[in-house]
1. Would you work out the relative contact order for the range B:209-256, in percent, from Cα pairs under 8 angstrom that are 6 or more residues apart?
2. So for the protein assembly as shown, taking the charge dipole from beta-carbon charges (+1 Lys/Arg, -1 Asp/Glu), which of B:VAL186, B:GLN169, B:GLN62 sits furthest toward the positive end?
3. Taking the beta-carbon count within 10 Å as an exposure proxy, list B:MET39, B:MET58 from fewest neighbours to most.
4. Starting from the amide H of B:SER133, placed 1.01 Å from N in the peptide plane, find each other amide H under 5 Å away whose residue is 5 or more places distant or on another chain.
5. Helix-only mean residue ellipticity at 222 nm, chain B, DSSP H runs n ≥ 4 weighted -39,500 (n - 2.57), per residue, nearest 500. What is it?
6. Sort B:29-37, B:43-51 by the packing proxy (mean of other Cβ within 10 Å over each peptide's residues), most packed first.
7. From the backbone phi of the range B:241-256, what are the Karplus-calculated ³J(HN,Hα) couplings (6.51 cos²θ - 1.76 cosθ + 1.60, θ = phi - 60°) in whole Hz, Gly and Pro given as x?
8. Tabulate in residue order the Karplus-calculated ³J(HN,Hα) for the range B:193-206, using 6.51 cos²θ - 1.76 cosθ + 1.60 with θ = phi - 60°, rounded to whole Hz; enter x for Gly and Pro.
Amino acid sequence: CVQQQELKNYFGRK
Amino acid sequence: FEARLTQASLIKKILEAIKDLVTDANFDCSPEGLSLQAMDSSHVSLVSMVLHAQGFEMFRCQRAVSLGINLASLTKILKCAGNDDSITLRADEKGDKAEFVFESQSQDRLSEFELKLMDIDSEHLGIPDTKYSAIVEMPSSEYRRICSDLGVMGDTVRISVSKESVKFQVDGDIGKGSVCLHPSSVVDKPTEVVKISLEEPVDMIFSIRYLNYFAKAAPLSDTVTLSLSKDFPLQIEFKFGEQMGYLRYYLAPKID
């Protein structure tokens with residue numbers, strides 16, 4: 001199964 | 001806040017490049033320039049645009065202000081500007097409306113529009129300075145062609161970068177296909193160059209639909225830079241020129 005995580009999981013909120 | 005750009009075409013092209021991905025966005029005005037950060041509705045991709053103050057013919061900003069703009073409304077207004085018109089953007093302290101003035105090159109036609117602003121509660125992400133494993137520079141027309149060609153075959157593309165090549169592979173219902181580019185050896189035009197800088201080979205999967213959205217920025221720049229690191233969002237950058245600024249897209253990878 002291929003998953004795509006939300007960007008906030010990589011960048012974090014400012 | 002008041003700023004003037006010589007060519008309305010730049011703003012028109014920026015808007016074309018983001019309006020299908022983002023519906024509303026805050027244009028952040030500060031003494032450094034005009035910037036925008038916005039995510040698509042599914043929060044897997046992000047647009048980050050910077051126009052440096054020195055890239056404007058005139059730029060005045062006493063106090064940072066965010067202009068919340070519906071991009072479909074802005075598109076309607078910018079349709080009224082000629083490509084070679086100059087564009088002046090004004091907003092006051094209250095920040096409830098923005099004023100657009102378009103002036104023809106010969107200065108014999110002046111049009112003025114006022115756009116109602118909106119309150120947008122947007123989530124700002126902190127994008128870390130990243131040392132990417134692989135950086136590929138290629139003509140933006142080539143990028144657009146690959147995304148559009150492979151997009152008819154499947155939903156995802158595997159991008160593999162080695163020292164020798166960058167390969168785009170699609171595997172879909174009707175079959176599979178790939179496009180492989182090698183770094184240019186003989187270069188006639190700098191804008192036709194394919195360059196690869198590699199720390200380590202990468203092999204990642206991305207949604208073609210988003211890569212196709214990003215391809216709408218191709219008219220902004222002759223070249224595009226793809227930066228990749230394993231298990232980290234892809235960065236795609238279109239530069240407006242040395243001093244002007246850039247449009248960057250980020251896309252979360254598909255992970256098995």
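Laboratory data are not the source of any read-out in this text; all were calculated from the coordinates shown. Everything numeric in this text was worked out from a predicted model, so none of it was measured. Cβ: placed from backbone, ideal geometry, glycine included. Neighbour counts: every protein chain shown.
1. Working: 65 pairs, mean separation 14.7, N = 48.
Relative CO of the range B:209-256 lands at 31 percent.
2. Sorting the options by dipole projection puts first B:GLN169.
3. B:MET58, B:MET39
4. Amide H neighbours of B:SER133, under 5 Å, 5+ apart: B:LEU228, B:SER229, B:LYS230.
5. Working: 4 runs with 38 residues, N = 256.
Value at 222 nm, helices only, nearest 500: -4500 deg cm²/dmol.
6. Details: B:29-37: 19.0, B:43-51: 21.8.
Ranked from most to least packed, the peptides come out as B:43-51, B:29-37.
7. Values per residue, Gly and Pro as x: x, 4, 9, 6, x, 7, 10, 10, 10, 10, 9, 5, x, 8, 10, 5 Hz.
8. Result, rounded to whole Hz: 6, 10, 10, 10, 10, 10, 8, 8, x, 10, 8, 9, 10, 9.
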